[in-house]
Every structure is written in C-alpha cells, then in structure tokens.
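Encoded as structure tokens, the structure appears first; notes follow it.
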Amino acid sequence: YRAARALRPDHPAVLTNLGLLLNQLNEPAAAVPVLREAAKHHPNDHVAHFHLGAALLATNDLDGAEAALRKAIDPAHDSAAAHNLLGIALQRLRRPR
C-alpha cells in the first residue's frame, strides 16, 4: 500500500486500506494521519470515516472517534458496525444515551 500511495497519493482506496492495515497491525497512531488524509480528500467516503473512527477509538481519542463515526453513518450507508463503534465511544465518554 505504501508503494501504491507513492503512485496514487490521494486515491481513497489506497489511503483507506493502508490506514486499515496499520490499525490491524496494532499501529493506530500511524493509521490515524493516513485515514485523516483519506477523509479529507474524500469527505463523502463513509468507509474512510468508519476506519478513522476505529483508529481514533483505538488511540482513545473518543471525541474524534465520535465525530468520525457520526460521519460514517448516513441513510445511504447505514452500518451496524459503525453504530456499534459509536456506541462504544459514547459509552466511554459516559454518554450512553
């Protein structure tokens, strides 16, 4: 993915998949800036926002995770996984309602 990023630095799938991989490798702090870039370049990409929210949750940036996950949830892309992670973030923020 890093080689692909060198060729296509703002391609949404390249950025999102690189960030996802970094998060899966237990490197959420490295994943966050990549996923922020994906979300910045592609603000309507619900997948980028979902994975950004997951990485922010892993780094304990609960407010950031909440914001990203709310962007991941919209009527056209309603995701049980995004709702679940948003619920976890809100619970940790002590806002379970």
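The values are calculated or read from the model by the stated rules, or taken from the named source; none is laboratory data. All values derive from a computational prediction rather than experimental measurement. FYI the Cβ positions are ideal-geometry reconstructions off the backbone, even for glycines, and counts take in every protein chain you see. Only protein heavy atoms, including side chains, enter the accessible area calculation; ligands, DNA and RNA are left aside. Shrake-Rupley method; radii C 1.70, N 1.55, O 1.52, S 1.80 Å.
Out of the residues in the range 6-18 meeting the condition of being in contact (Cβ under 8 Å) with a residue 24 or more places away in the chain and outside any loop (DSSP other than H, G, I, E, B), tell me which one is most open to solvent (accessible area, probe 1.4 Å).
Just the residues of the range 6-18 that are in contact (Cβ under 8 Å) with a residue 24 or more places away in the chain, to begin with: 10, 12, 15-16.
If we keep only those that are outside any loop (DSSP other than H, G, I, E, B) as well, we get 12, 15-16.
Numbers: 12: 39, 15: 0, 16: 7 Å².
Per the criteria, the residue is 12.
Residue 21: assigned to a helix (DSSP H, G or I), open to solvent by 40 Å² or more (accessible area, probe 1.4 Å) and without any contact (Cβ under 8 Å) to a residue 60 or more places away in the chain, yes or no?
yes
Determine which member of the set 30, 3 is at pLDDT 95 or above, of a type in the set (A, V, I, L, M) and part of a helix (DSSP H, G or I).
Values: 3 fails: at pLDDT 95 or above.
Checking each option against the conditions leaves just 30.
Answer yes or no: is there a residue in the range 53-71 that is modelled with pLDDT under 95, of a type in the set (Asp, Glu) and open to solvent by 60 Å² or more (accessible area, probe 1.4 Å).
Scanning the range 53-71, I find no residue that is modelled with pLDDT under 95, of a type in the set (Asp, Glu) and open to solvent by 60 Å² or more (accessible area, probe 1.4 Å), so the answer is no.
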